[in-house]
Amino acid sequence: MKRLTIFLMLMLAVVALTACGSDKTEENTVIEGVPEGVQGVKIAVLRNLASDDHTKQFLDGARKEGESLGFKVDTHIVENNDAKFQELVAQITMQDYDGIIISHGKEDYSYDMIQPAVEKGIKVTLFDTVALKDGKGHEGVTATFQDDYELARLSLQEIADLKEEPVKVIKLWFGGLSPLDRRQEIYKEFEANNEIVTLETIGPTNFQDVQGDIAAKVNAILAKYPPGAVDAIWGSWDELAKGAYKSLVDNKRSDIKLISIDVSNQDINLMKEEGSQWLSTAAVDPALIGKMNMRIMAKKLAGEETPTEYNLAANLIKQSELKDETTMFNLADIIDGWGESSDFDESWMKTLREHYAK
């Protein structure tokens, strides 16, 4: 009986070792035609903004693209808490990640924040994050942006076209965030050309409830302006615009038009509401932003050349073109090329997708 027990234990050990060996063999299998550097990698994606639709779709786009290539992808949201964000990046840098995608780090700390990762050999891509010191960035790091200048130009032209004389505008904006600072440059051009006149500038102080914060502030401001005194509200970020929309509805201010930048399903639904004065928004598909950052990351891991900066093309979404069934996922039905790009899509990536789709 004792011999039988020992024999069974030995057999179980052999089976276990064989199973482990099989897993390891599969893990180390080299896929023909694919660079070794992109096989068996681990990527962290970090976002320093509120957990809104745009954030979720950005992270989802990055995760899906990475997983389609066989990457292990971990995503993290930090709600505009800069100290916590820097601490999280430091923690991830000390772990076994091959790449880090960073979204919305602030310019005053981002260069130093990513330096340990760069020195360790971790690949880094940035979205809406400026990481410069003395005007120079880290070698090998790609900064991606929406084309913020075009986003601002498209949205502000919609406002300027509302009337021939200068349009009276309540501006929703705050400084210190790279994309909003870039959009501000175009806003100043429209002011200088006397196409718009700024009545008020409103920004959030509560980043845990941006919509509620802005709604309350717009409520207070509207009391100063009787019907006809304000032509439009410009939302430099759609989270700000959603708060303003609530205020306009609550105050029954149908005399004021709303035009914004960025898009989500919530935005689209509000634009489609009966009597909605949210006329248009300029945007890039947030899922595509995540996807393109992951492709650039994949090329870095493969040892291929990547640009220092990459901008994603802007689109204008008009309320008048929306259909009852329009959502973020079928905007391509009304906007040609929405959510699509062949940039950085290498043949070996297609090989990986086919391999992991099996």
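Among the residues of region 298-355, those identified as buried (at least 17 other Cβ atoms within 10 Å of the Cβ) and at positive phi are GLY339, PHE344. Of the residues LEU301, LEU258, LEU248, which is farther than 25 Å from ILE196 by Cβ and not basic (Lys, Arg)? After ruling out the rest, the residue left standing is LEU301.
Could you list, in sequence order, all residues of region 136-158 that are of a type in the set (Gly, Ala, Ser) and surrounded by fewer than 21 Cβ atoms within 10 Å (Cβ to Cβ)?
GLY137, GLY140
Considering region 16-65, and only residues there that are among the polar types (S, T, N, Q), part of a loop (DSSP other than H, G, I, E, B) and surrounded by fewer than 16 Cβ atoms within 10 Å (Cβ to Cβ), the residue that is modelled with the lowest pLDDT turns out to be ASN28. Whenever a residue of region 290-313 is assigned to a helix (DSSP H, G or I), it has no partner that is at pLDDT below 95 and basic (Lys, Arg) lying with C-beta atoms less than 7 angstrom away and at least six residues away or across chains. When ILE221, ILE256 are checked against the criterion of being β-branched (Val, Ile, Thr) and surrounded by fewer than 20 Cβ atoms within 10 Å (Cβ to Cβ), a single residue qualifies: ILE221. When residues in region 334-358 are screened for being hydrophobic (A, V, I, L, M, F, W, C) and under 23 Å from the mean Cα position of the chain (by Cα), 5 of them pass.
Per-residue answers, yes or no, for (1) outside the structural domain of PHE207 (by TED's automatic domain parsing); (2) in contact with a helix residue (DSSP H, G or I) (Cβ under 9 Å, 6 or more places away or on another chain); (3) aliphatic (A, V, I, L, M); (4) in a loop (DSSP other than H, G, I, E, B):
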{"position": "GLU139", "(1), (2), (3), (4)": "yes, yes, no, yes"}
{"position": "ARG153", "(1), (2), (3), (4)": "no, yes, no, no"}
{"position": "LEU156", "(1), (2), (3), (4)": "no, yes, yes, no"}
{"position": "ILE159", "(1), (2), (3), (4)": "no, yes, yes, no"}
{"position": "LYS163", "(1), (2), (3), (4)": "no, no, no, yes"}
{"position": "LYS171", "(1), (2), (3), (4)": "no, yes, no, no"}
{"position": "LEU180", "(1), (2), (3), (4)": "no, yes, yes, no"}
{"position": "TYR187", "(1), (2), (3), (4)": "no, yes, no, no"}
{"position": "PHE190", "(1), (2), (3), (4)": "no, yes, no, no"}
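Candidates are the residues of region 68-123 that are within 17 Å of VAL45 (Cβ to Cβ) and hydroxyl-bearing (Ser, Thr, Tyr); the one that is nearest to the chain's Cα centre (by Cα) is SER103. Among the criteria (1) touching a Ser or Thr at 6+ places or on another chain (Cβ under 8 Å); (2) free of Cβ contacts under 8 Å to residues at least 24 places away in the same chain; (3) within 23 Å of ASP209 (Cα to Cα), the one GLN277 does not fulfil is (2).
Keeping to region 68-111, report how many residues are in a helix (DSSP H, G or I) and surrounded by 15 or more Cβ atoms within 10 Å (Cβ to Cβ). Before the answer, list the steps.
Taking region 68-111 as the starting set, the residues that turn out to be in a helix (DSSP H, G or I) are 68, 82-93, 107-111.
Keeping just the survivors that are surrounded by 15 or more Cβ atoms within 10 Å (Cβ to Cβ) gives 68, 82, 85-86, 88-89, 92-93, 109-111.
Residues in region 68-111 being in a helix (DSSP H, G or I) and surrounded by 15 or more Cβ atoms within 10 Å (Cβ to Cβ): 11 in total.
In region 322-336, the residue that is farthest from GLY290 (Cα to Cα) out of those that are touching a residue at least 12 places away in the same chain (Cβ under 8 Å) and out of contact with any Ser or Thr (no Cβ under 9 Å at 6 or more places or on another chain) is ASP324. Residues in region 337-358 that are without any contact (Cβ under 8 Å) to a residue 40 or more places away in the chain and among the charged types (D, E, K, R): 3 in all.
The values are calculated or read from the model by the stated rules, or taken from the named source; none is laboratory data. Here the structure is a predicted model, which is why all the values come from computation and not from measurement. So basically every Cβ, Gly included, is an ideal-geometry build from the backbone, and we count neighbours across all protein chains shown.
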